Amino acid sequence: MQFEEFFDTLFGIMISHLVRTKSPRVHTTVRILAIETSCDETAIAVLECSGGLEKPLFKVLGNALNSQIDIHKEFGGVVPDIAKREHVKWLPILLGKVFKDVCYDLERPNIDLIAVTTGPGLEPALWAGITFAEELSKKWKIPLLPVNHMEGHILSVLVGNETQPEFPALALLVSGGHTEFVSVQNYGEYSVIGKTRDDAAGEAFDKVARILGLPYPGGPEVARLAAEHREAHEHSPITFPMPMLKSGDLDFSYSGLKTAVLYKAKELGELNDDQKRELARAFEDAAIGVLVEKTRQALMERMVKTLIVGGGVSANSYLRSELEKLLTEFPETSLLFPEKSLTTDNAVMIGIAAYIEYTKNEKLPLGSLRAQGNLSF
Ligand code: KG4
Ligand code: ZN
């Protein structure tokens with residue numbers, strides 16, 4: 001047996017031993033290196049986690065992120081192979097930066113667990129993170145845990161909020177790839193109870209931004225123009241129908257709304273700045289309005305102790321203020337948003353989700369990890 005093979009076998013035995021061992025996880029401190037590469041953000045964080053499931057506590061020791069937005073901008077969206085190339089380039093750079101901040105030695109870091117996003121996302125991009133994480137896991141002989149990116153978005157509210165979520169909770173996940181309601185019975189117990197039938201809310205914001213000639217990612221740009229219009233005018237001169245309001249379920253659809261904006265823009269011809277503000281306002285009124293109304297329906301249908309809102313679109317100020325207004329009708333339900341820096345993709349939320357899964361489950365998965373672009377709950 002070659003030395004390499006011997007080393008791999010030994011490592012396999014160690015990992016399988018770890019898998020079978022019930023570790024005293026609840027009140028020990030766990031240091032997690034978290035890696036996120038599901039889309040166009042390369043992110044690495046080191047978290048110190050404690051408190052178990054009753055009072056999970058997270059200290060972010062190091063956190064670094066490189067956004068590829070400027071590179072993908074010219075294509076109007078994320079190009080998977082370019083995203084992968086950039087992740088491969090940036091992962092070692094960010095690891096070096098985080099380790100420098102945390103004063104860790106690249107040879108013998110003080111880490112108990114490596115967490116990596118395995119889906120959903122762009123598969124070439126996910127593979128970049130997985131391969132990197134597997135190499136580190138082998139080199140340092142540290143176990144590896146796969147993380148569902150969407151669970152990360154849900155649990156991102158565990159940092160920066162005074163209150164903990166109470167169960168049963170409902171999560172409204174609104175990002176560039178997803179728009180869905182997830183019923184959260186407890187940590188680790190998720191089921192999707194409504195989702196978009198076509199475009200995601202963030203995707204609609206990005207497409208409308210393109211129609212208005214605004215740069216990618218369009219969400220913040222469209223939101224800025226809409227806010228400027230709302231500030232100056234109480235009412236919108238244009239209104240778009242709110243899609244799927246009467247569908248009788250908790251599903252969404254955004255492609256018709258985007259097309260309505262396109263037709264209106266074509267009708268107006270060359271758009272001046274005022275017209276762009278009007279269109280952005282009217283689009284945001286409808287896009288956010290439908291999220292709020294569907295949330296009302298969901299809260300009326302079921303007992304929800306906490307409403308959690310996560311994903312890139314949860315940074316939207318109008319969504320936040322409209323949901324805060326809505327929740328005055330549901331005094332039994334509390335509302336949790338992530339802090340703004342954790343709304344879009346990041347590695348901190350991946351570390352949080354890893355700690356919750358690690359604490360909840362008795363086992364670490366066996367075998368090698370694989371990218372799952374369409375991973376669902
Ligand atoms: O969660 P995220 O970073 O990536 C995915 O997992 O998809 O979400 C990115 C999305 C983009 O579509 C972006 O336009 C949107 O979130 N977004 C916003 C705002 N900030 C980011 N949409 C509306 N208003 C915002 N303020
Ligand atoms: Zn995301």
Exercise. For the chain, set up a Gaussian network in which alpha carbons nearer than 10 Å are linked by springs, and say which option among F252, F330, F75 fluctuates the most.
Key: F75
Quiz prompt | Cα-centre dipole for segment 167-337 with unit charges at Cβ (Lys and Arg positive, Asp and Glu negative), debye to 20 | solution = 180
Quiz item: Can you work out ³J(HN,Hα) from phi for every residue in segment 147-162, in order, using Karplus 6.51 cos²θ - 1.76 cosθ + 1.60 and θ = phi - 60°, giving whole Hz and x for Gly and Pro?
Solution: 10, 7, 3, 6, 5, x, 4, 5, 7, 4, 6, 6, 10, x, 10, 5
Quiz item: Once you put a point 7 Å from the Cα of T328 and another 7 Å from the Cα of R224, both along the Cβ direction, what distance in nm separates them?
Solution: 3.0
Practice problem: Give the percent of DSSP beta bridges with both residues in the chain that are antiparallel, rounded to the nearest 5. | Solution: 60
Quiz prompt | Value of relative contact order over the chain, rounded to a whole percent, pairs C-alpha under 8 Å and six or more apart | solution = 24
Quiz item: Can you give the relative contact order of segment 260-377 as a percent, counting alpha carbon pairs under 8 Å and 6+ residues apart?
Solution: 21
Quiz item: What pairs from K139/K305; K84/K139; K195/K325; K100/K340 go past 32 Å between their alpha carbons?
Solution: K139/K305
Quiz item: Which aspartates and glutamates have a Cα less than 16 Å from the Cα of K258, not counting those fewer than 8 places away in the same chain?
Solution: D198, D199, E203, D206, E221, E267, E278, E284, D285
Quiz item: If all Cα-Cα distances of the chain are sorted into 20 Å bins from 0 onward, what percent lands in each bin, rounded to whole numbers?
Solution: 28, 54, 16, 1
Quiz item: Could you give the dipole magnitude of the chain about its Cα centre, charging the beta-carbon of Lys and Arg +1 and that of Asp and Glu -1, in debye to the nearest 20?
Solution: 620
Quiz item: Computed FRET efficiency, Cβ-Cβ of R320 and Q297, R0 30 Å: what is it to the nearest 0.05?
Solution: 0.95
Quiz item: Quick one: I82, I308, I69, fewest Cβ neighbours within 10 Å first, how do they rank?
Solution: I69, I82, I308
Self-check item: Nearest-20 debye value, segment 141-198 charge dipole, Cβ charges on Lys, Arg, Asp, Glu
Solution: 220
Quiz item: If we sort 133-142, 279-288, 263-272 on the protection proxy, mean other Cβ atoms within 10 Å, highest first, what's the order?
Solution: 279-288, 133-142, 263-272
Practice problem: Compare the Cα positions of P143, S247, A280 along the charge dipole of the chain (+1 at Cβ of Lys, Arg; -1 at Cβ of Asp, Glu; about the Cα centre) and return the one farthest towards the positive end. | Solution: P143
Quiz item: How many nm separate the modelled label positions at T29 and E270, each set 7 Å beyond the Cα in the direction of the Cβ?
Solution: 6.4
Quiz item: Assuming R0 = 51 Å, what is the FRET efficiency of H233 and K141, from their Cβ-Cβ distance, to the nearest 0.05?
Solution: 0.25
Quiz item: Calculated from DSSP H runs of 4 or more alone, at -39500 (n - 2.57) each and per residue, what is the 222 nm mean residue ellipticity of the chain, nearest 500?
Solution: -14000 deg cm²/dmol
Self-check item: segment 167-337: antiparallel DSSP beta bridges as a percent of all, rounded to 5
Solution: 55
Quiz item: To the nearest 10 degrees, how steeply does helix 255-268 sit against the main Cα axis of the chain, on a 0 to 90 scale?
Solution: 40
Exercise. Report the calculated FRET efficiency for K363 and S67 (r = Cβ-Cβ distance, R0 = 35 Å), to the nearest 0.05.
Key: 0.50
Quiz item: Of T295, A354, G256, which is farthest along the charge dipole of the chain in the positive direction, counting Lys and Arg as +1 and Asp and Glu as -1 at C-beta?
Solution: A354
Quiz item: Which value in Å does the Kirkwood hydrodynamic radius of segment 167-337 take, with 1/r averaged over all unlike C-alpha pairs and then inverted?
Solution: 16.2
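Every read-out reported here was derived from the displayed coordinates using simple, explicitly stated rules and does not represent laboratory data. Computed from a predicted structure; not experimentally measured. Ideal geometry is used to build each Cβ from the backbone, glycine not excepted, and the neighbour counts take in all protein chains shown.
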